[in-house]
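Taken together, the values in this text are just the output of simple stated rules run on the coordinates, not laboratory data. Predicted model, so just to flag it, every value in this text is computed and none were measured. No Cβ is skipped: glycine too gets one built from the backbone with ideal geometry, and neighbour counts run over all protein chains shown.
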Amino acid sequence: MFLKNKISVSTDNYSAKINKLRECIEAADSVVIGAGAGLSTSAGFVYHGERFENYFSDFEKKYGFHDMYSGGFYPFETLEEYWAYWSRNIYINRYMDIPKPVYSRLLELIEDKDYFVLTTNVDHCFQKAGFDKERLFYTQGDYGLFQCSRPCCKKTYDNKKIILDMVKEQKDMRIPEALAPRCPVCGSPMTVNLRADDTFVEDEGWHAAARRYEDFIRTRGMGRILYLELGVGYNTPGIIKYPFWQMTAQNPKSVYACLNLKDVAAPREIAERSICIQGDIGKALEIL
């Protein structure tokens, strides 16, 4: 419905938009947060540049890729090489501390509100910052979980211990063969629980979180809801962006807010109830 119509971007000045968003947060009965990769980028989880070079200069020199995202698709010839890369990637993006206090500032802003978080991020930053895990739905998986690569069953497995062992024991961009994880059910190689194709495992925890999110949206009905979109681009707009636009259009009491470094826009149908703030999310949250 929206794609055929002109997209509207607010021309209000930055301070006015920040003040308007602050008022909307205070007035909202409920806040639904939709978070994409831009939020973690603002928090310092950058996949390229200096951070990539600090941790993966050896991989870059040998394999020729220039960022962590590309490395995730590299066709490593052996499981020992594959897990040397992925264990290091998971360690720095899942188990290391968040470089900047962006997530904690977001929590301070909404922790007294009735909130729920829908995110495509897989880095666990929300829980590390103290968000209630019962109010989180990680739709695309979790760096902290393994699954069978086949997959033979709908199970996932915590991976912290083995990831730390891989990072500690790897040498020359290879892990010891004995550390390569195998499915305890069928013996196939394990992989990371990330949605890349139809082998992604939606386990019991995933479905429970999906039900909690659906219940939250259903029970808040047509109340004063703020749909707060943070760092969401157009890679998978059907998960957060388009549903937020649609739900805002259906509820005249709701407000749509979008904070992003570049992708800030709203359909003209909801332009009068939209706040589009272009710039660094961390800076905006600090001001708020």
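Restricting things to alpha carbons, find the Rg to Rh ratio for the chain using the Kirkwood radius for Rh.
Across the chain, the Cα-based Rg/Rh ratio is 1.00.
Roughly how many debye, to the nearest 20, is the charge dipole of region 49-100 about its Cα centre, given +1 on each Lys and Arg Cβ, -1 on each Asp and Glu Cβ, and no other charges? Intermediate results must be reported in sequence, preceding the final value.
Values: 6 positive and 9 negative charges, 38 e Å.
My answer is approximately 180 debye.
Mind checking the full-extension length gain between ASP280 and LYS62? Use 0.36 nm per residue of separation minus the Cα-Cα distance, one decimal, nm.
Here the answer is 75.1 nm.
Could you derive backbone 3J(HN,Hα) for region 219-225 from the dihedral phi with the Karplus parameters 6.51, -1.76 and 1.60 (θ = phi - 60°), listing whole Hz in sequence and x where the residue is Gly or Pro?
Whole-Hz 3J(HN,Hα) from phi for region 219-225: 6, 7, x, 10, x, 7, 10.
For region 1-139, just list the percent of Cα-Cα distances falling in each 5 Å bin from zero outward, please.
Once binned at 5 Å, the Cα pair distances of region 1-139 give 2, 8, 15, 16, 15, 14, 12, 9, 6, 4, 1, 0.
Once you order the gyration tensor axes a ≥ b ≥ c over the Cα atoms, which shape class does region 207-281 get: rounded for a/c under 1.5, otherwise prolate or oblate by comparing a/b with b/c?
On the way: a/c = 2.05, a/b = 1.30, b/c = 1.58.
Here region 207-281 falls in the oblate category.
I want to check the label-to-label distance for GLU272 and TYR14. Put each point 7 Å from Cα in the C-beta direction and report it in nm to one decimal.
Placing both labels 7 Å along Cα→Cβ, they lie 2.9 nm apart.
Magnitude of the Cβ-charge dipole of the chain, K/R +1 and D/E -1, about the Cα centre, nearest 20 debye?
So the magnitude is around 560 debye.
Using each residue's phi in region 115-125, evaluate 6.51 cos²θ - 1.76 cosθ + 1.60 at θ = phi - 60° and report the 3J(HN,Hα) Karplus result to the nearest Hz, with x for Gly and Pro.
Going residue by residue, I get 10, 8, 10, 10, 9, 8, 6, 10, 9, 6, 5 Hz, with x marking Gly and Pro.
Which cross-chain or sequence-distant (5 or more) residues have an amide H under 5 Å from the amide H of HIS66, H modelled 1.01 Å from N in plane?
Correct list: empty.
Check ARG182: other-chain or 5+ apart residues with amide H under 5 Å from its amide H, H built from backbone geometry?
MET190
With a 10 Å cut-off between alpha carbons and a GNM built on the chain, which of ILE33, ILE275, ILE110 moves the most?
Ranking ILE33, ILE275, ILE110 by mean-square fluctuation puts ILE110 first.
Using Cα springs under 10 Å in a Gaussian network model of the chain, which residue among GLY49, GLY223, GLY233 shows the largest mean-square fluctuation?
The residue that fluctuates most here is GLY49.
Exceeding 26 Å between C-alpha atoms, which entries from my cross-link table qualify? They are LYS133/LYS161; LYS61/LYS161; LYS113/LYS283; LYS17/LYS133; LYS100/LYS160.
Going by Cα-Cα distance, LYS61/LYS161; LYS17/LYS133 fall outside the 26 Å limit.
What value, in deg cm²/dmol to 500, does the helix sum -39500 (n - 2.57) over DSSP H runs of n ≥ 4 give at 222 nm once divided by the residues of the chain?
That comes out to -11000 deg cm²/dmol.
Measure nothing fancy, just the Cα-based angle from helix 14-27's long axis to the longest principal axis of the chain, in degrees from 0 to 90, nearest 10.
Once rounded, the angle reads 90 degrees.
Which order do the peptides 185-195, 121-131 take when ranked by the mean count of other beta-carbon atoms within 10 Å per residue, highest first?
121-131, 185-195
How high is the FRET efficiency from ILE287 to VAL46, r the C-beta distance, R0 25 Å, rounded to 0.05?
Once the sixth-power term is evaluated, E becomes 0.70.
Whole-Hz ³J(HN,Hα) for each residue in region 86-94, computed from phi via Karplus 6.51 cos²θ - 1.76 cosθ + 1.60 with θ = phi - 60°, x for glycine and proline: what do you get?
Values per residue, Gly and Pro as x: 5, 5, 5, 4, 5, 4, 7, 9, 10 Hz.
Please report ILE25, ILE163, ILE287 as a ranked list, fewest other C-beta atoms within 10 angstrom at the top and most at the bottom. Show your work: numbers first, answer last.
Working: ILE25 17, ILE163 25, ILE287 14.
Listing ILE25, ILE163, ILE287 from fewest to most nearby Cβ atoms yields ILE287, ILE25, ILE163.
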